[in-house]
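A.B. asks: Have a look at this one.
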Amino acid sequence: MFGLGLVAGYIGLVQMRLAHADSGTVLTSLASLRDHGVMLHVQHTNEMQAMINAPTPDQGLKKGVGNVGIATYGADIDWERLAGAGGISTHIVLASGYGSPTSHKFGDYLTPSQATYGGVGNVVIHLVSAYVEKSMLYDRVNAAVGRMTFLSDFSANPLYCNFMNASFCGNPRTAADNKAHAAFPMSNWATRARVQISDVLTAQAGVYLTETEAIYTHHQTRTGFKFNGATIDGMALPVELAWSPRWGEKRELPGRYKLGFVYDTARHDSPFQTGSGQSLYLTDGTPRRLKGSWSTWVMADQMVWRFQGRGRDAGLTVLGVAYWNSPRTQLRKAQYSLGFLMRGMMKSRPADAIGLNASWVQVSRSVVHAQREAVRRHGKLPRHGRFPQDGGGVIEAFYQMHVWRGVSIAPDLQYYINPGLQPGLRNQLLLGVKTHIEFI
């Protein structure tokens, strides 16, 4: 309830300011709140999906339908406009979620077919983030501190959440393999600084205190309002360089290119080895504890064709990602994806969009060898899955129909290759629909 109280307090301050204004300037609409520096936003996303073909037989799996949804509520307050506090703003996001993804039904617990699944703890309100931001030197330097989500700040691209599958939405799914990288809707105590080096070049870095043993546990982070530091076990230190050129004779083709790296000091469980150096798949030992890990990434989106006169975002944009994890500490060592997003292709429907994306994930070679050896010796994996893991991919296509401002419906088609990165599981075809409503 603290988060709701904070939002209410913000609105109260605006009302006090309006009460002292001339009657002719008193505005009661959301537009008037924005004029005074208060941006409230509410949105809801629902993702329903059905399996088209039957799952792998004799594995306890069953064909079915999954439905997942999330609502978020937030406030962005510009305190310079509201109270004359130069360059200061505050941000808070709350969430409520429900449902279970269809991918669990055919044996994939690594990559949810519906990205809005998970993390909100089955509570009415979950605190996602709450932080203070300060802009300086004519907005060329920006610093933030508070409860922040690592993967909302780094290796992120808002274009990807036009897609439904967690391989794409928000971040490459491989980025969340490391628990030191808090993924939406989780957060850590953190600070971040961003510098606008030139009109097209931006650099950012941060310090995110990690809680790898507690971040996805109900006893510690179920509501998001438990702020103690008892479970802090290290820090993640990311850096990212972003280049945003505009190509074409009229500079009408925008692009964004990101290069990033992160090192963390937390301890991680080895995905293939016990503390005594034996195979984790051949003994009952506990995983070896390893200190420190790293990840690096390259991301790009480039508009290559502009549909003139159909809106700022109308055109064909190519999307590409390469993400690498330390194979010593993470199951997924690499992910590569390539796709496109096209908006405004029909003059009569300039806000509609069509998208296609394909992703492939590679498993750490050490994990592959350890699992295959366990199957060769014992004929099965004793604790860790149905079949040896190797690699797998997801292909997704959608058509997003703009109904009216802030409302869209998107029929969606997905195809899983080696679900759960297990070549022994049947490939799966899924048909679904994503609805999105937002008020800003």
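The values are calculated or read from the model by the stated rules, or taken from the named source; none is laboratory data. What you see is a predicted model; the values in this text were computed from it and never measured. Cβ coordinates were reconstructed from backbone atoms using ideal geometry, including for glycine residues, and neighbour counts include every protein chain displayed.
A.B. asks: Could you check segment 346-366 and list, in sequence order, the residues that are farther than 22 Å from TRP297 by Cβ and of a type outside the set (Lys, Arg)? Write out each step before concluding.
C.D. replies: Start the filter on segment 346-366 by keeping residues that are farther than 22 Å from TRP297 by Cβ, which leaves 346-354.
Result: MET346, SER348, PRO350, ALA351, ASP352, ALA353, ILE354.
A.B. asks: Name the strands (runs of 3 or more DSSP E) wholly inside segment 115-229 in which the number of residues that are over 30 Å from HIS436 (Cα atoms) and hydroxyl-bearing (Ser, Thr, Tyr) is 1 or more.
C.D. replies: 126-136, 188-196, 201-210
A.B. asks: Also, I was wondering about something else. Would segment 362-381 turn up any residue that is assigned to a strand (DSSP E or B) and modelled with pLDDT of 95 or more?
C.D. replies: Looking for residues that are assigned to a strand (DSSP E or B) and modelled with pLDDT of 95 or more, one finds at least one in segment 362-381, hence yes.
A.B. asks: Another one. Six or more apart or on different chains, Cβ atoms under 8 Å: show the pairs whose first residue is in segment 67-81 and free of Cβ contacts under 8 Å to residues at least 12 places away in the same chain and over 14 Å from TYR117 (Cβ atoms) and whose second is in a helix (DSSP H, G or I) and basic (Lys, Arg).
C.D. replies: Correct list of pairs: empty, since none qualify.
A.B. asks: Report yes if GLN335 is touching a residue at least 40 places away in the same chain (Cβ under 8 Å), in contact with a helix residue (DSSP H, G or I) (Cβ under 7 Å, 6 or more places away or on another chain) and within 18 Å of TYR160 (Cβ to Cβ), otherwise no.
C.D. replies: Answer is yes for this residue.
A.B. asks: Within segment 131-180, can you find the residues that are polar (S, T, N, Q), under 24 Å from VAL68 (Cα atoms) and in contact with a helix residue (DSSP H, G or I) (Cβ under 7 Å, 6 or more places away or on another chain)?
C.D. replies: The answer is SER167, ASN171.
A.B. asks: Exactly one condition in (1) among the polar types (S, T, N, Q); (2) more than 25 Å from LEU237 (Cα to Cα); (3) surrounded by 15 or more Cβ atoms within 10 Å (Cβ to Cβ) is false for SER295; which is it?
C.D. replies: Every condition holds for SER295 apart from (2).
A.B. asks: Name every residue in segment 77-107 that is surrounded by fewer than 22 Cβ atoms within 10 Å (Cβ to Cβ), touching a helix residue (DSSP H, G or I) at 6+ places or on another chain (Cβ under 9 Å) and of a type outside the set (D, E, K, R), in order of residue number.
C.D. replies: If the condition is that a residue be surrounded by fewer than 22 Cβ atoms within 10 Å (Cβ to Cβ), touching a helix residue (DSSP H, G or I) at 6+ places or on another chain (Cβ under 9 Å) and of a type outside the set (D, E, K, R), then LEU82, ALA83, ALA85, GLY86, GLY87, ILE88, SER89, THR90 are the ones that fit.
A.B. asks: Filter segment 60-76 for residues that are crowded, with 19+ Cβ neighbours inside 10 Å and under 23 Å from the mean Cα position of the chain (by Cα); which is farthest from LEU429 (Cα to Cα)?
C.D. replies: ALA75
A.B. asks: Check SER270, SER337 and return the single one that is under 23 Å from ASN157 (Cα atoms) and buried (at least 16 other Cβ atoms within 10 Å of the Cβ).
C.D. replies: Being under 23 Å from ASN157 (Cα atoms) and buried (at least 16 other Cβ atoms within 10 Å of the Cβ) holds for just one of SER270, SER337, which is SER337.
A.B. asks: To continue, here is another question. Of everything in segment 194-213, what is farther than 27 Å from ARG256 by Cβ, buried (at least 17 other Cβ atoms within 10 Å of the Cβ) and not polar (S, T, N, Q)? Give them in sequence order.
C.D. replies: Within segment 194-213, LEU209, GLU211 qualify.
A.B. asks: Here's another thing I want to ask about it. Contact list please: Cβ distance under 7 Å, first residue in segment 138-162 and at positive phi, second residue modelled with pLDDT of 95 or more and in a helix (DSSP H, G or I), pairs at least six apart or on different chains.
C.D. replies: The qualifying pairs are SER155/ALA175.
A.B. asks: Then there's this: From ARG349, ARG372, which residue is touching a residue at least 12 places away in the same chain (Cβ under 8 Å), among the basic types (Lys, Arg) and either surrounded by 14 or more Cβ atoms within 10 Å (Cβ to Cβ) or within 30 Å of TYR281 (Cα to Cα) (or both)? Please lay out each step first, then the result.
C.D. replies: Working: ARG349 fails: either surrounded by 14 or more Cβ atoms within 10 Å (Cβ to Cβ) or within 30 Å of TYR281 (Cα to Cα) (or both).
After applying the criteria, what remains is ARG372.
A.B. asks: Give me the pairs: first residue in segment 414-432 and over 12 Å from THR111 (Cβ atoms) and touching a residue at least 60 places away in the same chain (Cβ under 8 Å), second residue charged (D, E, K, R) and surrounded by fewer than 24 Cβ atoms within 10 Å (Cβ to Cβ), beta-carbon distance under 6 Å, and six or more apart or on different chains, which are they?
C.D. replies: GLY432/ASP412
A.B. asks: Could you count how many residues in segment 163-172 are surrounded by 23 or more Cβ atoms within 10 Å (Cβ to Cβ) and either small (Gly, Ala, Ser) or on the phi > 0 side of the Ramachandran plot (or both)?
C.D. replies: Adding up the residues that qualify gives 2.
A.B. asks: Follow-up. Quick one: which of ARG405, ARG426, ARG386 is out of contact with any strand residue (DSSP E or B) (no Cβ under 6 Å at 6 or more places or on another chain), modelled with pLDDT of 95 or more, surrounded by fewer than 22 Cβ atoms within 10 Å (Cβ to Cβ) and basic (Lys, Arg)?
C.D. replies: None of the others qualify; the one that does is ARG426.
A.B. asks: If you take the residues of segment 77-96 that are among the aliphatic types (A, V, I, L, M), farther than 12 Å from VAL120 by Cβ and part of a strand (DSSP E or B), which of them is nearest to the chain's Cα centre (by Cα)?
C.D. replies: Restricting to residues being among the aliphatic types (A, V, I, L, M), farther than 12 Å from VAL120 by Cβ and part of a strand (DSSP E or B), the top hit is ILE92.
A.B. asks: Scan segment 213-236 for residues that are out of contact with any Ser or Thr (no Cβ under 8 Å at 6 or more places or on another chain) and either over 23 Å from ILE92 (Cβ atoms) or not basic (Lys, Arg) (or both) and report the count.
C.D. replies: Residues that pass the stated criteria total 12.
A.B. asks: Same structure, new question: Here are some residues: PRO254, PRO245. Which one is touching a Lys or Arg at 6+ places or on another chain (Cβ under 7 Å) and farther than 30 Å from GLN371 by Cα?
C.D. replies: Within the list PRO254, PRO245, the selection yields PRO254.
A.B. asks: I've got another one for you. Which ones in segment 329-361 are modelled with pLDDT under 95 and basic (Lys, Arg)?
C.D. replies: LYS347, ARG349
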